Amino acid sequence: MMSISAESNRSNSQTLSVVVPVYNERDSLVQLVNELQAGVRSSVSSYEIILVDDGSTDDSWKKIEELASCEAVVSGIRLRRNFGKAAALTAGMKVATGDLILMLDADLQDDPAEFPALLHRIQAGYDVVNGWKQRRLDPWHKVYPSKVFNGLVGLMTGLRLHDHNCGLKLFRAEVAQEVQIYGELHRFIPVLAHSRGFRVTEVAVNHRSRQHGYSKYGMRRFLRGLLDLLTVTFLTSFGRRPQHALGTIGLGFFTLGVLGLIYLSLLWLAMRLGIFTAYPIGNRPLLAYSVAATLLGGQALSLGLLAELIVAYTTRSTDSYSIRETTRKA
Ligand code: UDP
Ligand code: MG
């Protein structure tokens, strides 16, 4: 019993910021805020709800202003136009003050009542808890591509989760400070966090079908998701040392090309010296291959150097490591 009360004391001392991206979700907002308050109230010492209007063209902002004026815990941010979900989340996380950050979709598909289950995993020592829509209530043309996507992400990044793109995620504030998301990289928060040594886990959560409004993502998401997967794989493996990738390819091609050219030159020399009669080298396919490989190799090497220049001048010293804990006094 002792340990349980100690545990609950510790959990109650944590503060929470809920960050919600809102794009044309007018009819869901009131219920969302009610459900959120009921879901998180008893598990944390204090909480705030940040609604980020991502350039809605319906009355979402008006609703947010109303909610913010009558609920002290609710605040709103309105972006100048539609910048995308990742941008909206970033804007919210930037002003969030909680020890923990809960992100969830505004459309009521994610269930705020799952919060205690997610928090439980944080208390067990994890830094990121990702939701998993085990029984997903979306049309088949979203469900199946998503299965393929999750499999591929696991394969390429080494972080195997069932549902990388789940809108419901709980993580420590440090994660939000260290992981930069832009474009549509919000679905890679667990992958990016994992690559910095944060401990990531998942919890099966309740999923509901959309009641109001419409889905903002269609089939295009699948293709874009694959392209983003390439980006993230590169970012997390060679992002800080691009020359190791480009340079390896470049050196490989360059060496092959130069070897080919040396071989051809020797043949030419032998023919000129009359050591043996060989065919002229001018129309040999090997010549074209060698020249192409030499040029390609040189290109990749110099691209790699350019990439290194960019990294060298844009890397902050704190980007290159991530501290779990320290015994130093603050
Ligand atoms: N969203 C956003 N900006 C956008 C597109 C979506 O803030 O450009 C929000 C949207 O309001 C919702 C969440 O991102 O809260 C997920 O969007 P949606 O429900 O359309 O995605 P789905 O559940 O269909 O994958
Ligand atoms: Mg949705």
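Key figures for this structure:
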read-out: Shape call, the range 110-161: gyration tensor on alpha carbons, a/c limit 1.5; value: oblate
read-out: Ranked packing of 33-41, 216-224, most packed first, by mean Cβ within 10 Å; value: 33-41, 216-224
read-out: Extension gain (nm, one decimal) between A124 and R41, 0.36 nm per residue minus Cα-Cα; value: 27.9 nm
read-out: Nitroxide proxy distance, nm - points 7 Å out along Cα→Cβ at H212 and R240; value: 4.5
read-out: DSSP-defined antiparallel bridges as percent of all bridges, the chain, nearest 5; value: 25
read-out: Environment charge at A173 (Cβ cut-off 12 Å; Lys +1, Arg +1, Asp -1, Glu -1); value: -2
read-out: Spin-label model distance (nm) - I262 vs I281, 7 Å beyond Cα toward Cβ; value: 1.2
read-out: Mean residue ellipticity (222 nm) of the chain, computed from DSSP H runs ≥ 4 via -39,500 (n - 2.57), nearest 500; value: -16500 deg cm²/dmol
read-out: Percent carbon-and-sulfur accessible area, the chain, ignoring ligands, DNA and RNA, probe 1.4 Å; value: 60
read-out: For peptides 74-85, 184-195, 280-291, sequence by mean Cβ density within 10 Å, most packed first; value: 184-195, 74-85, 280-291
read-out: Listed residues F222, I262, N206: farthest to the positive end of the dipole of the range 195-311 (Cβ charges); value: N206
read-out: Length-normalised contact order of the range 79-178 in % [C-alpha pairs under 8 Å, at least 6 apart]; value: 41
read-out: FRET efficiency, 1/(1 + (r/R0)^6) with R0 22 Å, evaluated for A113 and A72 via beta carbons; value: 0.50
read-out: FRET efficiency, 1/(1 + (r/R0)^6) with R0 25 Å, evaluated for A204 and R160 via beta carbons; value: 0.95
read-out: Tensor-based shape of the chain (alpha-carbon gyration tensor, a/c under 1.5 rounded, otherwise prolate or oblate); value: prolate
read-out: Under the span-like rule (Cα at least 18 Å along the axis, Kyte-Doolittle mean at least 0.0), DSSP H helices of the chain; value: 140-157, 220-238, 242-272, 285-314
read-out: Protection proxy ranking of 205-214, 132-141, 105-114 - average other beta-carbon atoms within 10 Å, highest first; value: 105-114, 205-214, 132-141
read-out: For the range 39-175: accessible area per residue (Å², 1.4 Å); value: 44
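The values are calculated or read from the model by the stated rules, or taken from the named source; none is laboratory data. All figures in this text were calculated on a predicted structure; none of them were measured in a lab. Here the Cβ is made from the backbone with ideal geometry for all residues, glycine too, and neighbour counts use every protein chain on show. Keep in mind that these areas ignore ligands, DNA and RNA; they rest on the heavy atoms of the full protein, side chains included. Shrake-Rupley method; radii C 1.70, N 1.55, O 1.52, S 1.80 Å.
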